[in-house]
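As structure tokens, the structure follows; a few thoughts come after it.
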Amino acid sequence: MRETVMRGLAAGLVGLGLATGLAGPAAAFQPPAAVEAAQAGFDAARLEAIAAFVQRDVAAGKIPGMVLLVMRDGRPVLTRAFGEQTPGAPMRLDSIHRIASTTKLFVTTAAMRLYEQGRFKLSDPVATYLPELKALTVYAGAESATEGEVPPPVAPQRAPTIHDLMRHTAGFTYWWIGPANAVRRNQRAQNLEGLYDLTGEEMLGKLAQQPLLYQPGSTFEYSIATDVLGHLLERIEGKPLDRILAEQVLEPLGLQDTVWQVDDTRAARLAEPSQQIRETDPLAWVYTWLDLRKAPKRFSGGAGLASTAGDVGRLLQMLANGGAIDGVRLLAPQTVRLMLHSDHLNGIKGPRNNVDPGYGWSLVNPVRLGSGPHATPGAVGDVYWGGITGPRYMIDPAERLVVVALFQAPSLRGHYYAILRQMVYGAMTK
């Protein structure tokens, strides 16, 4: 394995696709000038130590490779590709990675653009747009792995809303997120998270026959809710989610490598896990579940995309800027604050689902609260998340900092997020 080191940061920006961007298809890239580490408030030697740490783990076979992007004030201070994309092929800055739940950030951004256009209210019941979900019931069994007799479901105390979908309080779940019970077993058996067996209409029809796991609004449970949100947007707009996302996010930002299927023109850039990870990682099933070489039968708003560090970084930078980048405004600053930097749980409890201590939940990912037992540096309002396949990202508005790390190692995603985060903050001098 070998490291591809881009010491010419301006050249690295071209590979990453961080263009100056126009409101339409991407023009020829005109990357910003590179920033010296000291000018950006970083210690150059400590930035190199981050790269050395990643390279050691690549050399030791812990991960096959990684693409790492650190930006401050929209300018890169560390842009590297490490190790291999696939056996024998070096990782590239523009390697395409399965981003799994980072898809939620893209789709919720599109949703909030439609929200600004008055297409829906957060308080609208989900069934206003998806009437097949009007008669949902609620599971009355215990949160347990036992398969004993299950009481009949009960009526919901209120209808789930679009707000509930975004903050994961609608009562939905993922089959793999917690202990097995009748709801999760049925969800797995019906393959409701699948991309290749059911159309959106079929998935919603089967979901309608399954009880919610919790009363709407009562419990935070990370879930399939963003998939439901994506299908709801399709009903509102009368077009498939791929077109909605392209029109609302991808085309305005000039993002050309964020795709629902890695076709023949991009297949040579698809990053894969090592054979060791496929054989030993208990979450390796995600690479079969999220193949991305196949055309999906439905567009999963919660997990269905592949992308590059450059595309993810550009979306994050737009949000870090308060909704605009290079003269293109996608969202108002007030909408970005509502979407990313406000805690929407308001004391609602539930399984933490890998959310760090001291964080609440915005409309798309964890948000740091004013107090709490924080395990890493940061500031009130900073956000982070990623995906089960491995990617991690963060935005710290107070430090004007954006970090993207793409790698294919599901069970190590939390480990690398924490280590990289503490090392990035540790490299800052102001």
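The values are calculated or read from the model by the stated rules, or taken from the named source; none is laboratory data. This is a predicted model, so every value here is computed, not measured. All Cβ positions, glycine included, derive from the backbone under ideal geometry; neighbour counts span all protein chains shown. Areas reflect the complete protein model, heavy atoms only, side chains present, ligands, DNA and RNA absent. Shrake-Rupley method; radii C 1.70, N 1.55, O 1.52, S 1.80 Å.
Taking the stretch 296-326 as the range and being without any contact (Cβ under 8 Å) to a residue 40 or more places away in the chain and under 24 Å from R243 (Cα atoms) as the test, the residues that pass are G323, A324. Inside the stretch 304-325, can you point out the residues that are assigned to a loop (DSSP other than H, G, I, E, B) and crowded, with 24+ Cβ neighbours inside 10 Å? Within the stretch 304-325, G304, L305, T308 qualify.
For the stretch 178-192, the set of residues classified as touching an Asp or Glu at 6+ places or on another chain (Cβ under 7 Å), surrounded by fewer than 17 Cβ atoms within 10 Å (Cβ to Cβ) and either at pLDDT 90 or above or in a helix (DSSP H, G or I) (or both) consists of N191 only. Does V367 qualify as being closer than 30 Å to D94 by Cα, open to solvent by less than 50 Å² (accessible area, probe 1.4 Å) and in a strand (DSSP E or B)? Considered against the rule, which asks whether it is closer than 30 Å to D94 by Cα, open to solvent by less than 50 Å² (accessible area, probe 1.4 Å) and in a strand (DSSP E or B), V367 comes out as yes. Only a single item in (1) open to solvent by 10 Å² or more (accessible area, probe 1.4 Å); (2) modelled with pLDDT of 95 or more; (3) over 22 Å from R269 (Cβ atoms) is not met by K430, and it is number (2). Please verify whether P410 is touching a Gly at 6+ places or on another chain (Cβ under 7 Å), open to solvent by 10 Å² or more (accessible area, probe 1.4 Å) and more than 18 Å from G74 (Cα to Cα), treating the condition exactly as stated. When the stated conditions are applied, P410 does not pass them. Number of residues in the stretch 194-212 that are open to solvent by 10 Å² or more (accessible area, probe 1.4 Å) and of a type in the set (A, V, I, L, M) equals 2.
Scanning the stretch 58-69 for residues that are under 24 Å from the mean Cα position of the chain (by Cα) and in contact (Cβ under 8 Å) with a residue 60 or more places away in the chain yields K62, I63, P64, G65, M66, V67, L68, L69.
The set of residues from the stretch 256-303 being more than 17 Å from P64 (Cα to Cα), among the hydrophobic types (A, V, I, L, M, F, W, C) and in a loop (DSSP other than H, G, I, E, B) comprises W260, V262, W285, L290, L292, A295, F299, A303. Taken over the stretch 114-136, residues that are in a helix (DSSP H, G or I), surrounded by fewer than 20 Cβ atoms within 10 Å (Cβ to Cβ) and touching a helix residue (DSSP H, G or I) at 6+ places or on another chain (Cβ under 7 Å) amount to 4. Here R278, R298 are screened, and the one residue that is more than 24 Å from K121 (Cα to Cα) and open to solvent by less than 30 Å² (accessible area, probe 1.4 Å) is R298.
Matching residues to (1) under 19 Å from W176 (Cβ atoms); (2) among the acidic types (D, E); (3) crowded, with 19+ Cβ neighbours inside 10 Å:
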position	(1), (2), (3)
D264	no, yes, no
L283	yes, no, no
G302	yes, no, yes
S342	no, no, no
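P152 falls short of the stated requirement of being within 17 Å of A135 (Cβ to Cβ), touching a residue at least 40 places away in the same chain (Cβ under 8 Å) and outside any helix (DSSP H, G or I). Being farther than 24 Å from T128 by Cβ and more than 23 Å from the chain's Cα centre (by Cα) is a description that applies to Q276.
For the stretch 335-352, taking the residues that are assigned to a loop (DSSP other than H, G, I, E, B) and among the hydrophobic types (A, V, I, L, M, F, W, C), the one that is farthest from P366 (Cα to Cα) is identified as I348.
Checking each residue in the stretch 375-430 for being touching a residue at least 60 places away in the same chain (Cβ under 8 Å), in a loop (DSSP other than H, G, I, E, B) and within 25 Å of G65 (Cα to Cα) picks out G387, I388, T389, G390, P391, F407, Q408, A409, A427. When V67, V150, V107 are checked against the criterion of being β-branched (V, I, T), crowded, with 24+ Cβ neighbours inside 10 Å and out of contact with any strand residue (DSSP E or B) (no Cβ under 9 Å at 6 or more places or on another chain), a single residue qualifies: V107.
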